[in-house]
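Participant: The structure that follows is given in the form of structure tokens.
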Amino acid sequence: MTREEAISLVKSHVESNNLVNHMIATGAVMKALAYKFGEDENEWEIAGILHDYDYPETDQDPAHHGLLSVEMLKKYNLPKEVYDAILAHAEKKPLETKIEKALYVADPTTGFITAAALIRSEKKLEPLDSKFLMKRFREKSFAKGASREQMSMCSELGLELEAYLNLALDAMKSIHEEIGL
């Protein structure tokens, strides 16, 4: 599956533009992480784009989140690693592989960075830097839904938090027009 096919699939299934943008942003962060680790950039990006595919059906039924995505996406014969990453991000399987840990870490990060952009008057990613993000990270009341514990697991990928946030921010900046930031 190509990036364009994954985005088209998501846009045909997910009505919320904010959720679509979150999924595209997560794909960008996953692609940047794959590049950093010498992994398959397309595979990792596809996992990021599709990770919340079932959210319209499971928003009120989190026990099935991830499981339903994998079931719905089986017909596309994606690599097993993509399905496993989707399951692991939703805590439906243990975090074992690098792609699984990366998606688990990337998922809350894109929401956190988006929130950081939206509190600024410009409502854009461009003025943000890792120092600003680190300051917000320490504010427990800021973007409460973005799990600091999950984002901090970047250390399990061998990344310091500030370096990771900078990588994620740069990835999102690279697609800022596409996600409206």
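The values are calculated or read from the model by the stated rules, or taken from the named source; none is laboratory data. Model, not experiment: these values are computed from the prediction. Quick reminder, even Gly has a Cβ in these numbers, built from the backbone with ideal geometry, and neighbours come from all protein chains shown. Keep in mind that these areas ignore ligands, DNA and RNA; they rest on the heavy atoms of the full protein, side chains included. Shrake-Rupley method; radii C 1.70, N 1.55, O 1.52, S 1.80 Å.
Participant: Using only the alpha carbons, work out the radius of gyration and Dmax of segment 115-162 in angstrom.
Facilitator: Just the Cα atoms of segment 115-162 yield Rg and Dmax of 11.6, 35 Å.
Participant: Around LYS140, what is the net charge, scoring Lys/Arg as +1 and Asp/Glu as -1 over all other residues with Cβ under 14 Å from its Cβ? Please report the intermediate quantities before stating the final value.
Facilitator: Numbers: positive: LYS135, ARG136, ARG138, LYS144, ARG148; negative: GLU139, GLU149.
Every neighbour counted, the sum reads +3.
Participant: Here's a follow-up. Which links in LYS92/LYS140; LYS80/LYS123; LYS80/LYS144; LYS74/LYS144 stretch past 29 Å when you go from one Cα to the other? Walk me through the numbers on the way to the answer.
Facilitator: On the way: LYS92/LYS140 27 Å; LYS80/LYS123 38 Å; LYS80/LYS144 32 Å; LYS74/LYS144 33 Å.
In this structure, LYS80/LYS123; LYS80/LYS144; LYS74/LYS144 exceed 29 Å between Cα atoms.
Participant: Would you mind calculating the gained length between PHE132 and GLU71 on full extension (0.36 nm times residue separation, minus the Cα-Cα distance), in nm to one decimal? Please list the in-between numbers first.
Facilitator: Numbers: separation 61, 0.36 × 61 = 21.96 nm, distance 3.95 nm.
Value of the extension gain: 18.0 nm.
Participant: Across every pair of different alpha-carbon atoms, what Kirkwood hydrodynamic radius in Å does segment 31-84 reach? Kindly include the intermediate steps, with their values, before the conclusion.
Facilitator: Numbers: mean 1/r = 0.0848 Å⁻¹.
One decimal place: 11.8 Å for the Kirkwood radius.
Participant: Now for a separate question. Roughly speaking, to the nearest percent, how much of segment 80-181's 1.4 Å accessible area is carbon and sulfur?
Facilitator: Numbers: 2470 of 4940 Å².
For segment 80-181, the apolar C and S fraction of the accessible surface comes to 50 percent.
Participant: If you roll a 1.4 Å probe over the heavy atoms of the protein chains, what accessible area per residue do you get for the chain, in Å²?
Facilitator: Heavy-atom accessible area per residue stands at 49 Å².
Participant: Can you classify segment 1-101 as rounded, prolate or oblate using the Cα gyration tensor, where a ≥ b ≥ c are the square roots of its eigenvalues, rounded means a/c under 1.5, and otherwise it's prolate if a/b beats b/c and oblate if not? Intermediate values should be presented prior to the final figure.
Facilitator: Working: a/c = 1.59, a/b = 1.19, b/c = 1.33.
Because a/c hits 1.5 or more and a/b fails to exceed b/c, segment 1-101 counts as oblate.
Participant: Follow-up. Could you check the simple spin-label distance between GLN60 and PHE37, using points 7 Å along Cα→Cβ, in nm with one decimal?
Facilitator: Roughly 3.6 nm, to one decimal.
Participant: Remind me, relative contact order of segment 118-170 in percent, using alpha carbon pairs under 8 angstrom and six or more residues apart?
Facilitator: Values: 21 pairs, mean separation 23.8, N = 53.
Once normalised by length, the contact order is 45 percent.
Participant: Let me ask another. Between THR109, PHE37, SER16, whose Cα lies farthest towards the positive end of the dipole of the chain when Lys and Arg beta carbons carry +1 and Asp and Glu beta carbons carry -1, centred on the Cα centre?
Facilitator: THR109
Participant: Could I get the Rg over Rh figure for segment 102-181? Both from C-alpha atoms, Rh via Kirkwood, rounded to two places. Could the numbers behind the result be given before it?
Facilitator: Working: Rg = 11.6 Å, Rh = 12.5 Å.
Ratio of gyration radius to Kirkwood radius for segment 102-181: 0.93.
Participant: Report Rg/Rh for segment 50-124, rounded to two decimals, where Rg is the Cα radius of gyration and Rh the Kirkwood radius. Before the final figure, lay out each step's value.
Facilitator: Details: Rg = 14.1 Å, Rh = 13.3 Å.
With Rg and the Kirkwood Rh in hand, the quotient comes to 1.06.
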